[in-house]
Structures are given as structure tokens and as C-alpha cells.
Amino acid sequence: MARKPLPLQQINAFEAAARHLSFSRAAQELNVQQPAISRQVAALEGWLGIALFRRSKPRLTLTEEGHVLASTIANGFDAMHAGFEAVQSRRPGGEIVVNAAIGFTSFYLLPRLAEFQSLHPNIKVQVVTRDQNPDYELSQCDLVVVFGE
């Protein structure tokens, strides 16, 4: 059974907003404007058919469903970080090659790459986007991020 594609940009916006309890701070973190975060979160709420936040000025609070989803997403992101660290520790020469779709790369990996490199300055990260490099040999990658089948 094929998995339904996930709205990664919306998930990333929601995760940042949930962590900060602020659309403005999430926007700063993701280097976008605040209305973009608001639209992405609203689109995710529409996709799910539930409200994730209570929007009462000046406070933004998570609904019960929002808490559940934020926790689940945080656990998933933590697992991905652990995967990166595990792969990185096995790579000789302090280099890691990541293969992912351009959307995931743009909205999740690249915004976090500077922090990763500041924490691990001796590790070279090479990102190969499969959208632009469909013939790239996956056996040459340390980590391949796949959504769907």
C-alpha cells in the first residue's frame, strides 16, 4: 500500500511554530515572512481537518491535537538527527553524502546545515538532490531520505 505524500513544508512550519509558540519566531528561524508560516500551518490544519493552534492574541497555544502532533514530529526529527549522526560517525574522512528530494532539502536540511556545521566543523556535508540528479548512484550515499514507496 502506497503512503500518502506528506506536506513537508507545512510540517516544518508547524514544528517551528509549535516549538516557539510563535509564528513570528518560526518565520525568523526558517527565514521566511510570518504570513508564510501562518498560511502553511492553516494549510496543514486543512489537510488534517483539525485545528492545531488556538489563536488568541497575544498568545498562541497548541490544541490537544497540536500537542500530540508536535511531539510526534519532534520525535521523528530527533530520529532523523540521530540517523545523520550515526551515518556521519561511520563515514571515513569526515564526509557525509545525503540524497533527498529538493523540497525536503530546501525546507528541512538546508535551514539546519549551518548549525550542524558549526557543531561539527570537521565534517563535510554533500547534499545530492535526486530531482536534479536522478541517475546518481544511491550506493554512494550515506543517507537517503525517501517519502513514499
Filtered residues of region 24-36 (kept if within 18 Å of Leu110 (Cβ to Cβ) and assigned to a helix (DSSP H, G or I)): Ala26, Ala27, Gln28, Glu29, Leu30, Ala36
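Test Glu85 against the stated conditions and say whether it is in the same structural domain as Phe116 (by TED's automatic domain parsing) and free of Cβ contacts under 8 Å to residues at least 60 places away in the same chain. Walk me through it before giving the result.
Numbers: in the same structural domain as Phe116 (by TED's automatic domain parsing): yes; free of Cβ contacts under 8 Å to residues at least 60 places away in the same chain: yes.
Taking the combined requirement at face value, the residue satisfies it.
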Could you tell me whether Ala51 is at pLDDT 85 or above and assigned to a loop (DSSP other than H, G, I, E, B)? yes
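For residues that are closer than 13 Å to Glu15 by Cβ and not small (Gly, Ala, Ser), scanning just region 52-67, find the one that is surrounded by the fewest Cβ atoms within 10 Å (Cβ to Cβ).
Let us first name the residues in region 52-67 that are closer than 13 Å to Glu15 by Cβ, namely 52-53, 62, 66-67.
Narrowing the set further to residues that are not small (Gly, Ala, Ser) leaves 52-53, 62, 67.
Working: Leu52: 21, Phe53: 21, Leu62: 19, His67: 13.
It comes out as His67.
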Would you confirm whether any residue within region 70-86 is at pLDDT 90 or above, more than 20 Å from Val145 (Cβ to Cβ) and in a helix (DSSP H, G or I)? yes
Going through region 1-23 in order, the residues found to be free of Cβ contacts under 8 Å to residues at least 12 places away in the same chain and either part of a helix (DSSP H, G or I) or of a type in the set (Val, Ile, Thr) (or both) are His20
Scan region 101-118 residue by residue and report those that are in contact (Cβ under 8 Å) with a residue 12 or more places away in the chain and part of a helix (DSSP H, G or I). Ile102, Gly103, Phe104, Thr105, Phe107, Tyr108, Leu109, Leu110, Pro111, Leu113, Phe116
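The values are calculated or read from the model by the stated rules, or taken from the named source; none is laboratory data. This one's a predicted model, so the numbers in the text were calculated from it and none came from an experiment. Heads up, the Cβs are rebuilt from the backbone with ideal geometry, glycines too, and the neighbour counts pull from every protein chain shown.
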